[in-house]
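K.L.:
Here it is, the structure in full.
The values are calculated or read from the model by the stated rules, or taken from the named source; none is laboratory data. Note that this is a predicted model, so its numbers are computed, not measured. Neighbour counts are summed over all protein chains in view; Cβ atoms, including those assigned to glycine, are modelled from backbone coordinates with ideal geometry.
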């Protein structure tokens, strides 16, 4: 169990822009990593990655995490050369105000900018403090010499280009990880840590394990493409932290119900029992404003059982934070679920 590897891989992938619908580059990095451990990987028609760990039986367990993140898209270009935006995924406009960003053109060019309101200065605009933070009042100020829409067009920037947010990744001496997009790249890094452990220990699970790295979770249909042989799907996503919730950044959350789905009773009980037996730091929680790959898979008609776990993440869909101990507890619970020996 190498938590330095997990944090290092997290930093690597969190700095690769990947809003929902723009994930090919980061998928290639995850694919290369999995193949480097000796495991086969293939893509679904929807662009999700399927990494297979052969087991002793034909029974199949799916474990998912999503690599797509929140982001935006260029909606239009103003007469002053600013970019109007439309959201990709669900977040508040307050959470991206002042955020550095990148614009990714359809021709392969990348430009930097800053997301601001249309009244960005208290020295200039009377409504700088009171202006409602909503899409129509937000725009991107490009770091290019542009004075009008024609100047922007000459940069080959236009409607439909993706906008990614600067993650601002920091790993503190006290073990905190501060970054955007910990939802859910932290879990992808955890699953790569599990894969690394399996490869180094030459572990063969009882059930065949398929790691499903989904690419459209933030817009609601992440793991709707579950392979037919998967019988159980364990989603590894973030645990929520806040009022009326039990979770925290140092433990793994086991979700009994989210905003739409009560998770499989027996799978959830098994996860709780493993956490108890292995003396893991865990909580059982419900997330009323939340959905996961399991919910998408069930709504997609897949004949599966499903459960959800994840490290606690504070300020989710904003400037997020978790702790390396939370990642560790999540990794240990995943390894316990697939039957690996307890790590000392």
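K.L.:
Any residue in the range 93-100 that is at positive phi, part of a loop (DSSP other than H, G, I, E, B), modelled with pLDDT of 95 or more and surrounded by fewer than 15 Cβ atoms within 10 Å (Cβ to Cβ)?
P.N.:
Scanning the range 93-100, I find at least one residue that is at positive phi, part of a loop (DSSP other than H, G, I, E, B), modelled with pLDDT of 95 or more and surrounded by fewer than 15 Cβ atoms within 10 Å (Cβ to Cβ), so the answer is yes.
K.L.:
Could you check how many residues of the range 263-282 are surrounded by 12 or more Cβ atoms within 10 Å (Cβ to Cβ), under 17 Å from residue 292 (Cα atoms) and without any contact (Cβ under 8 Å) to a residue 12 or more places away in the chain?
P.N.:
Count: 0.
K.L.:
Select, from 135, 144, the only residue that is touching a helix residue (DSSP H, G or I) at 6+ places or on another chain (Cβ under 7 Å), farther than 17 Å from residue 22 by Cα and surrounded by fewer than 17 Cβ atoms within 10 Å (Cβ to Cβ).
P.N.:
Exactly one of 135, 144 is touching a helix residue (DSSP H, G or I) at 6+ places or on another chain (Cβ under 7 Å), farther than 17 Å from residue 22 by Cα and surrounded by fewer than 17 Cβ atoms within 10 Å (Cβ to Cβ), namely 135.
K.L.:
Return the residue satisfying two criteria in turn: it lies in the range 101-117 and is under 24 Å from residue 168 (Cβ atoms) and surrounded by fewer than 16 Cβ atoms within 10 Å (Cβ to Cβ), and of such residues it is farthest from the chain's Cα centre (by Cα).
P.N.:
Ranking the candidates gives 109 first.
K.L.:
Run residue 17 past the list (1) modelled with pLDDT of 95 or more; (2) in a loop (DSSP other than H, G, I, E, B); (3) out of contact with any helix residue (DSSP H, G or I) (no Cβ under 8 Å at 6 or more places or on another chain) and report the number of the one that doesn't hold.
P.N.:
The failed condition is (3).
K.L.:
Related question: Answer yes if at least one residue in the range 235-253 is closer than 25 Å to residue 341 by Cβ, free of Cβ contacts under 8 Å to residues at least 60 places away in the same chain and buried (at least 20 other Cβ atoms within 10 Å of the Cβ), and no otherwise.
P.N.:
Scanning the range 235-253, I find at least one residue that is closer than 25 Å to residue 341 by Cβ, free of Cβ contacts under 8 Å to residues at least 60 places away in the same chain and buried (at least 20 other Cβ atoms within 10 Å of the Cβ), so the answer is yes.
K.L.:
Let me spell it out: the conditions are (1) assigned to a helix (DSSP H, G or I); (2) more than 16 Å from residue 305 (Cα to Cα), and residue 213 meets all of them except one. Which number is the exception?
P.N.:
Here residue 213 clears every test but (1).
K.L.:
Among the listed residues 325, 335, which satisfies the condition of being more than 17 Å from the chain's Cα centre (by Cα), more than 21 Å from residue 60 (Cβ to Cβ), assigned to a helix (DSSP H, G or I) and modelled with pLDDT of 95 or more?
P.N.:
Only one candidate passes the filter, namely 325.
K.L.:
Looking only at the range 76-88, filter to residues that are free of Cβ contacts under 8 Å to residues at least 60 places away in the same chain and surrounded by 16 or more Cβ atoms within 10 Å (Cβ to Cβ); which one of those is nearest to residue 233 (Cα to Cα)?
P.N.:
87
K.L.:
So, of the residues in the range 177-196 that are in a strand (DSSP E or B) and touching a helix residue (DSSP H, G or I) at 6+ places or on another chain (Cβ under 8 Å), which turns out to be surrounded by the fewest Cβ atoms within 10 Å (Cβ to Cβ)?
P.N.:
My answer is 179.
K.L.:
Filter the range 147-176 down to residues that are in contact with a strand residue (DSSP E or B) (Cβ under 8 Å, 6 or more places away or on another chain) and at positive phi and give me whichever is surrounded by the fewest Cβ atoms within 10 Å (Cβ to Cβ).
P.N.:
Going through the qualifying residues, I end up with 160.
K.L.:
Filter the range 35-75 down to residues that are buried (at least 20 other Cβ atoms within 10 Å of the Cβ) and in a loop (DSSP other than H, G, I, E, B), then give me how many there are.
P.N.:
4
K.L.:
Just wondering, is there one or more residues in the range 26-42 that are touching a residue at least 12 places away in the same chain (Cβ under 8 Å), farther than 30 Å from residue 161 by Cα and within 15 Å of the chain's Cα centre (by Cα)?
P.N.:
no
K.L.:
For residue 121, indicate whether it is in contact with a strand residue (DSSP E or B) (Cβ under 7 Å, 6 or more places away or on another chain), more than 30 Å from residue 298 (Cα to Cα) and surrounded by fewer than 21 Cβ atoms within 10 Å (Cβ to Cβ).
P.N.:
Against the criterion (in contact with a strand residue (DSSP E or B) (Cβ under 7 Å, 6 or more places away or on another chain), more than 30 Å from residue 298 (Cα to Cα) and surrounded by fewer than 21 Cβ atoms within 10 Å (Cβ to Cβ)), residue 121 does not qualify.
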